Amino acid sequence: MSDRITSWHPNPSKPNFTPPPGAVDAHCHVFGPMAQFPFSPKAKYLPEDAGPDKLFALRDHLGFSKNVIVQASCHGTDNSATLDAIAKSNGKARGVAVVDPAISEAELAALHDGGIRGIRFNFLKRLVDNAPKDKFLEVSKRLPAGWHVVIYFEADILAELRPFMDAIPVPLVIDHMGRPDVTQGPDGPDMKAFRALLDSRPDIHFKPTCPDRLDAIKEGGKGDPWNDFASAVAPLVADYPDRCIWGTDWPHPNMQDEVPDDGHLVDMIPRIAPTEELQRKLLIDNPERLYWAD
Ligand SMILES: O=C(O)/C=C(\CC(=O)C(=O)O)C(=O)O
């Protein structure tokens with residue numbers, strides 16, 4: 001019996017919503033294949049293989065044109081699997097790496113050549129052992145031109161992280177809005193604190209993503225069709241239309257107990273971005289500006 005987890009739907013439905021031509025799935029991962037790209041010895045989860053062939057087949061099934069592949073914590077700071085998937089995408093993928101803060105200029109340049117356009121700081125204690133803010137800040141000051149920093153944290157440490165985020169000299173992209181409690185609604189304390197962060201700098205972007213995580217039954221939410229998520233998030237997209245990018249989060253790390261249907265995730269898009277203009281900004285303009293500026 002394999003102790004490796006499968007956290008993605010075997011047969012996702014076809015969404016009712018058709019993404020516009022050029023739409024970007026701007027938050028997804030690849031896992032392995034492990035035989036070629038072993039997982040980190042520090043990995044907090046051991047997934048089954050979910051390689052570029054499956055990712056690109058899902059992209060086509062859902063009607064997207066491009067992917068931004070975000071290094072998953074199970075691969076640590078070895079970005080080989082992410083780089084391999086980008087290389088196999090025929091120019092249809094870019095990426096976000098996780099690096100050792102001591103990384104050299106030459107190694108950063110090589111990542112840029114491999115399609116990387118940002119680095120990720122993960123502050124979830126269930127995913128990483130440590131997150132040295134001082135070392136993260138140092139490397140954020142010497143990134144290749146045009147890069148940004150992706151940050152993943154939970155709402156209860158947003159205030160603590162503010163001075164750190166304020167000091168980062170490049171644009172920020174906040175994964176899953178910093179995981180607000182969507183049952184609080186659009187005007188709850190978590191969303192208010194997140195809006196204050198967005199209002200503090202014009203170069204902070206966010207991903208209105210992961211209803212399956214933020215409105216999960218096991219997290220106290222109501223589950224698919226994630227109505228609390230839609231109610232809490234739509235006003236945020238409406239108020240910050242030039243600052244948001246969207247993603248499936250496939251293969252949905254750690255969601256093996258409540259696996260989302262990717263077709264249903266895509267059908268959340270018109271509920272949080274109800275006009276063609278908002279959908280174009282969310283799915284094309286904003287991710288193109290961050291990941292395909294060159
Ligand atoms: O996939 C996500 O965005 C969320 C994750 C996994 C993750 O970030 C990682 O493994 O790097 C999570 O909450 O477990």
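The values are calculated or read from the model by the stated rules, or taken from the named source; none is laboratory data. Treat the numbers as computed from the prediction; the structure is a model and nothing was measured. Surface accessibility is based on the protein's heavy atoms, side chains included, excluding ligands, DNA and RNA. Shrake-Rupley method; radii C 1.70, N 1.55, O 1.52, S 1.80 Å.
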In cubic angstrom, how much convex hull volume per residue do the alpha carbon atoms of segment 63-199 span?
133
Share of pairwise Cα separations in segment 32-118, more than 18 Å, in percent:
43
Potential lengthening between D60 and D78 on full extension [0.36 nm per residue; Cα-Cα distance subtracted]
3.8 nm
Rounded to the nearest Å, the spacing of the alpha-carbon centers of segment 1-44 and segment 108-183 is 21
Output the Cα-based Rg and Dmax of segment 1-146 in Å, rounding Rg to one decimal and Dmax to a whole number.
15.9, 47
Percent of Cα-Cα pairs more than 16 Å apart in segment 220-285, please.
49
With all pairs of different alpha carbon atoms counted, what Kirkwood hydrodynamic radius in Å does the chain show?
19.0
Percent of all alpha-carbon pairs of segment 102-183 at distances over 17 Å, whole number, is 48
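For segment 31-162, give the percent of accessible area contributed by carbon and sulfur heavy atoms, probe 1.4 Å, rounded to a whole number. Mind showing how you got there, number by number?
On the way: 2970 of 5560 Å².
That share works out to 53 percent.
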Sorted from largest down, give the three principal axis spans of the alpha carbons of segment 1-83, whole angstrom values.
40, 28, 19
Over the chain, the sum of -39500 (n - 2.57) across DSSP H runs of at least four, divided by residue number and rounded to 500 deg cm²/dmol, gives at 222 nm -8500 deg cm²/dmol
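Taking Rh as the Kirkwood radius, which is the inverse of the mean 1/r over Cα pairs, what is the Rg/Rh value for segment 174-222? Present the calculation step by step, with values, prior to reporting the outcome.
Values: Rg = 11.2 Å, Rh = 11.3 Å.
In segment 174-222, Rg relative to Rh is 1.00.
Which whole-number percent gives the relative contact order of the chain, counting Cα pairs below 8 Å spaced six or more residues apart? Show your work: numbers first, answer last.
Details: 556 pairs, mean separation 66.2, N = 294.
Value for the chain: 23 percent.
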Given the pairs K42/K133; K135/K218; K14/K133; K88/K218; K42/K141, which span a C-alpha to C-alpha distance of over 30 angstrom in this model?
K135/K218; K14/K133; K88/K218
Principal axes first, then extents: for the Cα atoms of segment 144-210, list largest minus smallest coordinate on each axis, whole Å, largest first.
39, 23, 18
Top mean-square fluctuation among V182, V139, V68, Gaussian network model of the chain, C-alpha springs under 10 Å?
V139
Of the residues G223, G247, G188, which exhibits the maximal mean-square fluctuation in a Gaussian network model of the chain defined by a 10 Å Cα contact cut-off?
G188
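If you wrap a convex hull around the alpha carbons of segment 164-253, what volume per residue comes out, as a whole number of Å³?
Working: hull volume 9.5 nm³, N = 90.
Taking the convex hull of the Cα positions in segment 164-253, it is 105 Å³ per residue.
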Take every DSSP beta bridge with both residues inside the chain and express the antiparallel ones as a percent of the total, to the nearest 5.
5
